[in-house]
Amino acid sequence: MIAVQDFVAPTIDIGAVLPIVVVLGAAIIGVLVDAFAPANRRAVVNASLSAVAATVAFGWTIAQVGGSAVVTFNGAVVIDGPALFAQAAIALFTLLSVLLYTERRLDPAGDPFTPSGAVIPGGEVERVLTLQKVQQTEVYPLTLFASGGMMIFVASNDLLTMFVALEVLSLPLYLLSSLARRKRLLSQEAGMKYFLLGAFASGFFLYGAALVYGATGSLNLAQIDAGVSGRVGVDSLLLVGMGMLAVGLLFKISAVPFQFWTPDVYQGAPTPVTAFMAAATKTAAVVALMRLLYVGLGGLVEDWTILLWVIAAVTMLLGSVLALTQTDVKRMLAYSSIAHAGFLLVGIVAADENGTAAVLFYLLAYGIATIGAFAVVTLVRDAGGEATHLSQWAGLGRRSPVLASVFALFLLSFAGIPLTSGFIGKLTVFSAAFDAGQGALVIIGLVSSAIAAFFYVRVIVLMFFSDPAEGGAAVGVPSAGTTAVITATALITVLLGVVPGPVLELAQMASEFVR
Amino acid sequence: MTFPVLTALVLVPLVGAIVTALVPAARTAKLTAIGFSLVSLALTIVAALQFELGGPLYQLTEQVSWVAPFGVYWSLGLSGISLALIALTAVATPIVLGAMWNEADASGRSVKAFYALVLVLQAMTVGAFLSTDVLLFYILFEAMLIPMYFLIGVYGGDKRQYAAMKFLLYNLFGGLLMLAAVIGLYLQAPAGERSFLLADLVALDIDATTQNWLFLGFMIAFAIKAPLWPLHTWLPDAATEATPSQAAYLSGVVDKVGTFGMVALVLPLFPDATQTFAPVVVTLAVISILYGGLLAIGQTDIKRIIAFSSISHFGVIVLGIFALTSQGTGGSTFYMVSHGLSTTALFLVAGMMIARRGSRQLADFGGLQKPAPILAGFLLVAGLSGLAMPGLATFVSEFLVLVGTFGRYQVAAALATFGIVLAALYILIMYQRTMTGPTTPETENTPDLRGREVLVVAPLFVLLIALGVAPAPLLDPINDSTRQTLEVVGVSDPEPVFAAEGGDE
């Protein structure tokens, strides 16, 4: 038992956590804006507020990468290289997603969100609210709360902080998932599913934290590490605890066998929210998982390497194979996201600084391409909203060659074709794993890449080589926000593929976890 | 600082592709693309004039750090082997661009994209021939699949989607195996000293087992690209469904990257594994020669005949490379060029014939030499170059390969000779069925070749004959480089079998 001590006020290095403060502060102001600003101004004010907060957070964190690490809040929060890199990436993803939220030209009824999440789908109230152009601007503060939670998640140095951050990032996402304007039932189902399964995973994480606390006597990762190193013999309490913590995080990463929610949620959620979840949540959970394993459970490296090895192999293969059978663009991208979780785990299994740098680069490359791909999905529409059935994409390359080429670029990046960011990502991850003696896993990764390439290419075939089908989709004319996002993500995808040097160096500078 | 002529050789077609895509009218785009390809040809001549015989293996080298944390370089160098192949590319590109003048219009799809994609392909192919950084080579080797894939998939025949997909998946699979080997090779150096530079990697001392695995990774990728039995099945589909000029460019120029990779990368990087596996590769090459020849005889589709003949000829090239004698390896490199010229000529002339009749089936032709004697003449000479008629460049190369192989693998060389007999059969059968005999109502009014068509293909024939009579200008730099490469491998030519009667050397 720990003796009751006098309460000591935690020392807080406000400069180090400023980005988090800015984002969460902006979220709270956003709530107040919703309450007090005139209805016709809320959207503009909230969107600008979110964009500014994300930009400030991005600029602040990216400038700090490479500096010395800061441990603050009595050791509960640590701002080190991986945390800063991940926070910068999350802030960037938030900014890009918020720009997608502002889209009001594609759907004649307004932005991508339902006017009121609480009314019956397709009912009279909804119709009236839609006619009155009522907007649900809570999505902006909700996104900022999630984003702030993620930024704490990647920096949390004890299990309790990690759990609180996990909840702060998850709850807004559950809500956001169920707010799509079109296909409301699908969206509500997505939110419900995500909430139930997510709550279950959180429960696992909490139980795991309790077991690890029982085994090592601390929730602080550094002290857990000391406890693990000092143990004698096999400690089943510790191993079970480790497994349960891993379940909680692997769920967020959508690794097999905790991936079941991913296709449903990615499909049902409003597409800009899907983009945000796919890019930012994955980044946050991967970095948190690395911190937990490397810093807290480094003494169990042999145990979790086996665990992650198997999960990585199964995730890559299953994600790629199941993606082959999909007929819906969003579901296909969801399975692609699962396969990419597997590729990321390959880098985690490498368990050294090369691996960390590779994973950080991969997260950025994948996140950017994912947001870009989902942004393209929002443009391809029919009368019922987004046309996500693959058959409706036939011949898109004939009707809008530029848009189809951009989407093809993102797909080629996912497939890891050279001169795109995805190739450099795969190259760094695989070479780190190879160097760490995981040659077999690299071979499985390459085989999965080949399978995955098949379904990415299938979409390209459909867009460029097939003739447009009856009842196919039309391409909407987006507003400046969406256009900017697609342009920026496409440019970054090519730049990271052609001149990856500076960002790779940044990732290498940021690759050391502070214990 | 001197003018970076090798970088310019890569960038000019790329800039040309962008300009071609941007000019407004289709006709201007075609002329722009041809103009840029002629600039490339001029630059290639400039580079060739600066190449010194007897100099170092790689000349006119340029090296700029590209991805510093990983030791990746934009590193180019010109060897005699790459000189021969960029010369082939530089000659073939304007010819192919000229020959596809009507193909793009006939497809009903974007003409500008067609021309721009060919130029992108040229840039990547030339880059692969010149690169002296293994990752740079790999990147270009993989990336060139994408323009080729779109060319076949968008502009090809009825089964183009299937053919394009098969082409891509085969090559992508090989590429991924090669990627694993590239990474594995790179990690052989101790941490901190790693780079992808060919010179650094060749200097590594790799143990035999690792070398064998890495050899396989590279070799399977190259054996898919330059199709070697049993990894060849994508080529007949791709070449048949592609337009004739695409097929010419694919099997005449682009696929040479595979055989080039064997000579320029596999041999110096994995000398021990090369010698270990040489008998296996030689066996597969002989099977390719006979199998390709036999299947070519059995085809009824003209483009498939030429595709299978290419498989047979690629077998000869691979046979010569892995004979590991100066005549065999040098002859193979020479064959890469002469086969490029010969196949391009054959595909283009056959394409002009097919376009006149609207059918690829042998049975739909007959007696064409009466209404179209010039076409018949060109097809005959192109065909004769395919069966290695003395006086043509292909004869010199095939002869060198067989002589070089005989010194080490007598049985293989003897069996490979049957390839020439088979070639005579399928070429002459094709000529006989299409050109001789009575005309049919459909063929009796076939128009002969027009001036533009003659102008486009004529340079190929001039070169085939010129190099057949005087091969030295091309053969000397090639032999210079292959000799240095074989020194790295550490093999010397075997003693002549009949030493007492030893001929010229």
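A short reminder: the numbers here are calculations on the coordinates, not readings from a lab. In this text the structure is predicted, and so the values were computed from the model without any measurement. Cβ placement follows ideal geometry from the backbone for every residue including glycine, while neighbour counts extend to all protein chains displayed.
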Out of B:ALA416, B:GLY331, B:PHE365, whose Cα points farthest toward the positive end of the dipole of the range B:263-420 (charges: +1 Lys, Arg; -1 Asp, Glu; placed on Cβ)?
B:PHE365
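Calculate, in nm to one decimal, what A:VAL301 and A:ARG105 gain on full extension: separation in residues at 0.36 nm each, minus their alpha carbon distance. Can you show the working numbers first?
On the way: separation 196, 0.36 × 196 = 70.56 nm, distance 5.16 nm.
That works out to 65.4 nm of additional length.
Could you give the alpha-carbon Rg of the range A:65-149 over 2.2 N^0.38 Å, rounded to two decimals? Please list the in-between numbers first.
On the way: Rg = 19.0 Å, N = 85, 2.2 N^0.38 = 11.9 Å.
With N residues counted in the range A:65-149, Rg over 2.2 N^0.38 Å equals 1.60.
Would you please give the FRET efficiency between A:THR487 and B:TYR162, computed as 1/(1 + (r/R0)^6) with r the Cβ-Cβ distance and R0 = 35 Å, to the nearest 0.05?
Numbers: r = 35 Å, r/R0 = 0.99.
Approximately 0.50, to the nearest 0.05.
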Determine the alpha carbon to alpha carbon distance for each of B:LYS30/B:LYS256; B:LYS112/B:LYS159; A:LYS330/B:LYS30; A:LYS133/A:LYS252; B:LYS166/B:LYS303 and list only those over 29 Å.
A:LYS330/B:LYS30; A:LYS133/A:LYS252
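Only loop residues by DSSP count here, and only those with at most 10 other Cβ atoms within 10 Å; note down the chymotrypsin sites (Phe, Trp or Tyr not before Pro) in the range B:398-501 that meet that.
On the way: sites: B:PHE399, B:PHE406, B:TYR409, B:PHE418, B:TYR426, B:TYR431, B:PHE461, B:PHE498; in loops: B:TYR409, B:PHE498.
Passing both the DSSP loop test and the Cβ count: B:PHE498.
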Alpha-carbon Debye profile of the protein assembly as shown, log10 I(q)/I(0) at 0.05, 0.06, 0.07, 0.09 Å⁻¹:
-0.35, -0.49, -0.65, -0.99
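What full-extension length gain, to one decimal in nm, is calculated for A:THR327 and A:PHE36 as 0.36 nm per residue of separation minus the Cα-Cα distance? Write down the numbers at each step before the final one.
Values: separation 291, 0.36 × 291 = 104.76 nm, distance 4.46 nm.
Difference between extended and current length: 100.3 nm.
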Assuming a viscosity of 0.692 mPa s and a temperature of 37 °C, what translational diffusion coefficient in µm² per second does Stokes-Einstein assign to the range B:5-490, Rh being the Kirkwood radius over Cα pairs?
148
Which shape class, rounded, prolate or oblate, goes with the range A:274-385 when its Cα gyration tensor gives a ≥ b ≥ c as root eigenvalues, a/c under 1.5 marks rounded, and past that a/b bigger than b/c marks prolate?
prolate
Amide H of A:ASP328 versus every other amide H placed in the peptide plane: which residues, excluding those fewer than 5 positions away on the same chain, fall under 5 Å?
A:LEU390
Set of aspartates and glutamates near A:LYS282 by C-alpha distance (under 17 Å), chain-local residues within fewer than 8 positions excluded
A:GLU167, A:ASP264
Simple spin-label estimate for B:ARG450/A:VAL498, 7 Å along Cα→Cβ, in nm, reads 3.8
In whole Hz, what ³J(HN,Hα) sequence does the range A:388-400 give by Karplus (6.51, -1.76, 1.60; θ = phi - 60°), x for Gly and Pro?
9, 6, 4, 4, 6, 8, 4, x, 4, x, 7, 8, 10
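Given a Förster radius of 51 Å and the C-beta distance between B:PHE3 and A:SER236 as r, what FRET efficiency does 1/(1 + (r/R0)^6) yield to the nearest 0.05? Mind showing how you got there, number by number?
Values: r = 71 Å, r/R0 = 1.39.
The value I calculate is 0.10.
Calculate the FRET efficiency for B:ASN102 and B:ILE287 from the Cβ-Cβ distance with a Förster distance of 51 Å, rounded to the nearest 0.05.
0.85
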Can you bin every Cα-Cα distance in chain A into 20 Å intervals starting at zero and give me the percent of pairs per bin, rounded to whole numbers?
24, 58, 17, 1
Could you work out, residue by residue across B:177-186, how many beta carbons of other chains sit within 10 Å of that residue's beta carbon, and then give the average as an integer?
5
Please identify the GluC sites (Glu not before Pro) of the range A:467-515 that satisfy two criteria: DSSP loop assignment and at most 14 other Cβ atoms within 10 Å. Which are they?
A:GLU470
Can you work out ³J(HN,Hα) from phi for every residue in the range A:408-417, in order, using Karplus 6.51 cos²θ - 1.76 cosθ + 1.60 and θ = phi - 60°, giving whole Hz and x for Gly and Pro?
4, 4, 4, 5, 5, 5, 4, 6, x, 7
Amide H within-cut-off set for A:PHE113, under 5 Å, with H built and near neighbours excluded
A:ARG181
re the range A:199-281: pairs of Cα atoms spaced beyond 22 Å account for a percent value of 39
Using just the helices of chain B, give the 222 nm mean residue ellipticity in deg cm²/dmol: DSSP H runs with n ≥ 4 each add -39,500 (n - 2.57), and the total is spread over all residues, rounded to 500.
-23500 deg cm²/dmol
Amide H to amide H, which residues 5 or more places from A:ASP158 or on other chains are under 5 Å from it, using H placed in the peptide plane?
A:LEU221
